[in-house]
Amino acid sequence: MLNLNLRLRSSSWLRWLKVLFQNRRRVPSDFLELKYNLIRTLIREIYGQQPLDQVLSKAAQQVCEILQADRVLIYKLGESGHGQVVAEAVGSSITPLLGQVFVDECLQGDYLQKFERHYVKGTKDVEVEGYLPCYLQLLRTQAIQSNLLGAIWSQDHLWGLLFVQHCQGSHAWTSLEEDLVRELLDPLGLAIQQAEDVQKLDQSQQKLAGILSNASAAIVSFRVKASLNQKEYDYFSDGCTTVFGFSPEEFKATPDLWEFRILQQDLEVVRSQLEEIIFQGGELTFRYRFLHKDGTLHWISDSISSYWNREQQCWQVTNVAYDITEQKQLEIALQQSEQRLQNLIDRAGAAITGFRVSAQGTYQYDYLSAGCERVFGYKAEEMLSDQDLWWTGVHPDDQPHLPRPGIYTSAQPMLQEYRFFAKDGSLRWIANSFSTQADPRTGGWVATAVDIDITDRKLAELQLLEREEQLRASLREKDVLLQEVHHRVKNNLQVISSLMRLQSRTLSEPSARQAFRECQYRIQSIALIHEQLYSEHQLALIDLARYVPRLAHDIYCTLVTDANRIRLGVEADSIELNLDQAIACGLILNELITNACKHAFPQQSQGFIRVACLQRSGQASLCVSDDGVGLPTTNLRQINPESLGLSLVCDLCSKIKGMVSVNLTHGTEICITWPIAPISDPPQ
């Protein structure tokens, strides 16, 4: 019993190491800490051989808390679609299902074949997923809207399913949540496998105890004088039939039958041990393989005791044999499992270290994996022989931040990165996970450290940072160049406007001078855009909330000499346009305000001009209205065919894919409406 328990605990410990450091990913640190705390807690429960229902219940509760689910349950599959909820964690308003048995016609036959090892499936909305009707009806019965499912395997069979569910709304499962469930499947399977192994072991030992209590062991008594070839049998128990398959009568009829059926590879060892113990007296227990009468090979545990019978002048020997085939098969299976796990750990890229810290602060290594050589460059034997080898290899600048063995005795796990001088002299970056657990038996601590070589990742990060800095510098240079371009364009447009003003003074024809002034206004509206671009941080977008009021007041002040006769009101939302759209809007606004100031209030009449630039449902609108005499028609192109102004409004409106509407009910209102392009669109 003790031997098997030790093997079982060793197997659980090795598997814990595998689970703890398998599939590490770079994810947000808070979620990583929660996930690995959950895995450590689960593995600690398994390592402590806690009851299976306690392990499963605690895992369900912690998953429910981390993922903030309404229900987390573990469902054990039975036969013919039957199953039972064996562990559950639910929210305050959710009906518990723990202990209930369900009959699901879908969870049987070929449907279960898709639940392979590590299978995880997240469903945002069960109503649109396309589930089979029988399974969908079962989900509806429990008011389940979102479902995350993981397949739990124990050894080579599908044991059950892990469900994470939302009942009060749909939920889009992230890859982090799916990875959490996926990485829990192996520890859960490990807990179940260990429970099954322990159950099998208990059953085997109960059977063995039953054999002893019922005297079903094969008990044989015989006498030996000069050699083993001169045996005289006194007694064969009925248990011989159970253990060896041969009846007592058959053994008596053929004295050499027992030795003849022992496997040839074991016979020489058995005879040597028999001669040693029989002719010296004492007791001895040994194992061998025996060919049963039914042709199968059985493992036998044989206990021999011998003493000298003075009356008969011979050695009196008692032989008690038990069939330990099942126990041996379990031992072999556990050994094979340990070996497979050890091979996986040896091939892993992590250096796994286990050691014990005494109450006085001294420490002693218990285990170092073969990965030490890949991570540190030193073999495990070298580090075991020199316990300070790891500490002396840590970069001096990183030593103050690391827990030195024998000093750090906190139950809180630590995650940190440090630099290490490998055996070949190279400097490597190492990611370390360090955790300790109090040992009440000694008053000390049991510690585990896992180190992974992340040098390549660190070098890539440094290269990426360097590249990002180069890109930032390049962007800063381009921003400066763009500002300079906009500044020079604005200055050039001002020069053109000034030249046109000077040229207009030389013209005697009023219409020609008027045409020059109108061109000046249009140029100034474009120059104002470039001025705003180089004076602000955004070099490709114009905010109409800043542009429209300034342009409107500039035009108004230029054309209106009596502010009491014609008043102006401006309202503008924050609408960001690219350069093409902004230029078109500026020219349209220039034409509409100019037209209103010149023609809406003849003969010194008074009035009000209103400019509104608003955003509604992805559409932008630019409206210029007045309470003057109004236009003769709603067709802007027919008002004055020889004038460029209102015709230009129609052309610019088409350029920005907008629509023109004219309302002559109270004065004149001209509105331009167009779709707002995405701000990422480059200027045409």
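The values are calculated or read from the model by the stated rules, or taken from the named source; none is laboratory data. Since we're looking at a predicted model, the values are computed, not measured. A quick note on method: Cβ atoms are made from the backbone with ideal geometry, for glycine too, and the neighbour counts reach across all protein chains shown. Side chains included, ligands, DNA and RNA excluded: accessible areas come from the protein's heavy atoms. Shrake-Rupley method; radii C 1.70, N 1.55, O 1.52, S 1.80 Å.
Close amide H pairs (under 5 Å, H built 1.01 Å from N) link A350 with no residue at least 5 positions away or on another chain. Annotation note: GluC sites (Glu not before Pro) in region 120-212 located in DSSP loop regions with a Cβ neighbour count of at most 13 within 10 Å are E127.
Which one, Q155, G122, L139, projects farthest toward the positive side of the charge dipole computed for region 114-189 from Cβ point charges (K/R +1, D/E -1)? In region 114-189, that residue is L139. Sorted into 10 angstrom bins from 0, the C-alpha pair distances of region 542-626 split as 17, 52, 24, 7, 0 percent. Length gained on full extension, S617 to Q335: 94.5 nm, using 0.36 nm per residue less the C-alpha separation.
Take the alpha-carbon centre of region 37-97, take the same for region 99-178, and report the distance between them in whole Å. About 15 Å separates the Cα centre of region 37-97 from the one of region 99-178.
A straight chain from D53 to N37 at 0.36 nm per residue would run longer than the Cα-Cα distance by 3.8 nm.
Taking 0.36 nm per residue of separation and subtracting the current Cα-Cα distance, fully stretching the chain between L507 and F260 would add 75.5 nm. Straight distance only, please: which lysines reach the Cα of K200 with their own Cα at less than 21 Å, same-chain residues fewer than 8 apart left out? Within the straight-line limit of under 21 Å, K200 reaches these lysines: K76, K328. Summing +1 for each Lys or Arg and -1 for each Asp or Glu among the other residues whose beta-carbon sits under 12 angstrom from that of R567 gives -1. Computed from the C-beta positions of H395 and E65 and an R0 of 45 Å, the FRET efficiency is 0.75 to the nearest 0.05. Taken over region 496-597, the ratio of Cα radius of gyration to 2.2 N^0.38 Å equals 1.15. Using the Cβ-Cβ distance between A540 and E178 with R0 = 35 Å, the FRET efficiency computed as 1/(1 + (r/R0)^6) comes to roughly 0.35. For the residues F290, F102, a 1.4 Å probe over the protein chains yields an accessible-area ranking, largest first, of F102, F290. With a sphere of radius 15 Å drawn around the Cβ of T285, what net charge do the other residues whose Cβ falls strictly inside it have (Lys, Arg +1; Asp, Glu -1)? Here the count lands on -3.
Partner lysines whose Cα lies under 25 Å from the Cα of K379, excluding those fewer than 8 positions away in the same chain, are identified as K18, K423, K458. Pair-distance distribution P(r) for region 56-207, from all Cα-Cα distances in 10 Å bins starting at 0: 11, 41, 37, 9, 3, 0 percent. Antiparallel beta bridges, as assigned by DSSP with both residues in region 563-624, represent about 45 percent of the total such bridges. Evaluating 6.51 cos²θ - 1.76 cosθ + 1.60 at θ = phi - 60° for every residue in region 589-596, the Karplus couplings come out as 4, 4, 5, 5, 5, 4, 4, 5 Hz, glycine and proline recorded as x. Electrostatic bookkeeping for D234 treats Lys and Arg as +1 and Asp and Glu as -1; over the other residues with beta carbon under 14 Å from its beta carbon, the sum is +2.
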